[in-house]
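Following: one structure in structure tokens, then a few remarks.
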Amino acid sequence: MCMDQTALRLPSTMTQAEIKLCSLLLQEHFGEIVEKIGVHLIRTGSQPLRVIAHDTGTSLDQVKKALCVLVQHNLVSYQVHKRGVVEYEAQCSRVLRMLRYPRYIYTTKTLYSDTGELIVEELLLNGKLTMSAVVKKVADRLTETMEDGKTMDYAEVSNTFVRLADTHFVQRCPSVPTTENSDPGPPPPAPTLVINEKDMYLVPKLSLIGKGKRRRSSDEDAAGEPKAKRPKHTTDNKEPIPDDGIYWQANLDRFHQHFRDQAIVSAVANRMDQTSSEIVRTMLRMSEITTSSSAPFTQPLSSNEIFRSLPVGYNIAKQVLDQYLTLLADDPLQFVGKSGDSGGGMYVISILTSDFLRVRQPVLFGSRCARIFRLVLQKKHLEQKQVEDFAMIPAKEAKDMLYKMLSENFISLQEIPKTPDHAPSRTFYLYTVNILSAARMLLHRCYKSIANLIERRQFETKENKRLLEKSQRVEAIIASMQATGAEEAQLQEIEEMITAPERQQLETLKRNVNKLDASEIQVDETIFLLESYIECTMKRL
């Protein structure tokens, strides 16, 4: 299958909040020049190299380097036009995913321990890497954290990498087909990248033998010889890379599928009980590889298959399982649907319905407004008097709350005239919820919130820059003295270079930054839910 470079198109309209957030993320991860080029492409759409350099006032060399970084991290795609001109286009959705990098890494740590965590971290930090390079980097990093005399074997890291590929958390990158290299004609202005779907998770057979190495000082090598005495090796003696040209990247869609599954399990647990959520978790785990991340339903599973796949030690009889599946299928939220009767009954999980969003709806204006919103969402259309009666809220308060939500576009007003003249006395005014519009509005607010949180964190860090630099210098001195066997009194004297008020200020800064980081993660969870719902809804329209 040929991977179209423009498969992930930039949305035709982008809000200023999204552009600002992309700018902050690019600057924080890659610096000012890359941010400048990336934001320019986000604002203008696809452009050739020389136009980018001219419009941004940046040298061609700097633009090339910036584009290399952006392409390496899948933040920019390219397309060759008929006249041979290569145009570059920003992938805004991929830029916004950088916000979720800590969550991807933590998820891998939870599922595949420290080794899996470092594998995904290296892939995210470098964009694309060969398997052999990842294994060596991770083995070296793990060896650094071990006690003296212990090392991490390449084979152990390699096994974890294979498990990540088997569960689709990492995937191969498209590559240049070998036929293009053998073409005697002039090379194309840009390569066409191709990959077969069946090879996307195929791990090359590598016999990686060795162990992780600890970093040594620049003056000595692994044998303890001074740098000047090291023999010079020619490049001809280098062994060929066994998987040269086979690059891997983190599969973000697979992580999103995992987040979505976890949200569904949590919603079922809140709605029913722990046993129901464990059954749904088992069904999702059985379907995680066979079901596309964009599919509206999981693959049908029989009751017998589900029973056999329940976790070991989970004592639940087959009859009880069937009763739970029936309850789940009959529930109004319809997380689980029945699709047949063979094998004791065939069941599917409906992914991200509007009812799922209703379960997780945010409360922005208090519990009474949330009650009215939920009521209008459930009843579809209601007059003001009906809202007052059903919600059991006094008329004046209900009216104020309805107008407040109307002004913020959470609900809308639909006019149904009884006569052609649209006279107010002969017109029904019905409140309704356009859930897709409300989701988009909330998503826009979340982008603004994240941008504000990042700016606040940067401000806090900048205001305390000198104190942070002093703290780092003191820590470096203490670490150096500990390595040389300094006495406790000497270490205590160095620590006292930071006064008590300064320590208090550092603690306050650390506490504030931690709160801002936690808030970013919480807002991003809402962003993920809203984006998933909008994407799923648009596909059904």
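The values are calculated or read from the model by the stated rules, or taken from the named source; none is laboratory data. Computed from a predicted structure; not experimentally measured. Cβ placement follows ideal geometry from the backbone for every residue including glycine, while neighbour counts extend to all protein chains displayed. In case anyone asks, the SASA skips ligands and DNA or RNA and just uses the protein heavy atoms, side chains included. Shrake-Rupley method; radii C 1.70, N 1.55, O 1.52, S 1.80 Å.
State all residues of segment 375-394 that are open to solvent by less than 20 Å² (accessible area, probe 1.4 Å) and of a type in the set (Lys, Arg); if no residue qualifies, say none.
None; the set is empty.
Can you name the condition, by its number, that Ile435 falls short on among (1) open to solvent by less than 90 Å² (accessible area, probe 1.4 Å); (2) at pLDDT 85 or above?
Failing condition for Ile435: (2).
Name every residue in segment 77-106 that is under 10 Å from the mean Cα position of the chain (by Cα), surrounded by fewer than 21 Cβ atoms within 10 Å (Cβ to Cβ) and among the hydroxyl-bearing types (Ser, Thr, Tyr), in order of residue number.
Passing the criteria: only Tyr101.
So, in segment 522-541, of the ones that are exposed (fewer than 15 other Cβ atoms within 10 Å of the Cβ) and among the hydrophobic types (A, V, I, L, M, F, W, C), which residue ends up modelled with the lowest pLDDT?
Leu541
Table: residues versus (1) among the polar types (S, T, N, Q); (2) at pLDDT below 85; (3) surrounded by 14 or more Cβ atoms within 10 Å (Cβ to Cβ).
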{"site": "Thr108", "(1), (2), (3)": "yes, no, yes"}
{"site": "Ser113", "(1), (2), (3)": "yes, no, no"}
{"site": "Leu124", "(1), (2), (3)": "no, no, yes"}
{"site": "Ser132", "(1), (2), (3)": "yes, no, yes"}
{"site": "Thr143", "(1), (2), (3)": "yes, no, yes"}
{"site": "Val157", "(1), (2), (3)": "no, no, yes"}
{"site": "Pro188", "(1), (2), (3)": "no, yes, no"}
{"site": "Thr192", "(1), (2), (3)": "yes, yes, yes"}
{"site": "Ser207", "(1), (2), (3)": "yes, yes, no"}
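Pairs only if they're at least six apart or on different chains, beta carbon under 6 angstrom, first in segment 520-541 and more than 20 Å from Leu24 (Cα to Cα), second buried (at least 17 other Cβ atoms within 10 Å of the Cβ) and charged (D, E, K, R); list them, first residue then second.
Going by the 6 Å Cβ cut-off, the qualifying pairs are Ser532/Arg260.
Looking at Ser425, Ser367, which is the one that is within 27 Å of Ala518 (Cα to Cα), modelled with pLDDT under 80 and out of contact with any helix residue (DSSP H, G or I) (no Cβ under 7 Å at 6 or more places or on another chain)?
Just a single option satisfies the conditions, and that option is Ser367.
Would you point out which residue out of Ala451, Ala398 is out of contact with any strand residue (DSSP E or B) (no Cβ under 8 Å at 6 or more places or on another chain), surrounded by 13 or more Cβ atoms within 10 Å (Cβ to Cβ) and farther than 30 Å from Gln16 by Cβ?
That would be Ala398, the only listed residue that is out of contact with any strand residue (DSSP E or B) (no Cβ under 8 Å at 6 or more places or on another chain), surrounded by 13 or more Cβ atoms within 10 Å (Cβ to Cβ) and farther than 30 Å from Gln16 by Cβ.
Can you tell me how many residues within segment 209-229 are assigned to a loop (DSSP other than H, G, I, E, B) and either at pLDDT 75 or above or not hydroxyl-bearing (Ser, Thr, Tyr) (or both)?
13
In this structure, is Glu507 assigned to a helix (DSSP H, G or I), at pLDDT 85 or above, open to solvent by 50 Å² or more (accessible area, probe 1.4 Å) and among the acidic types (Asp, Glu)?
yes
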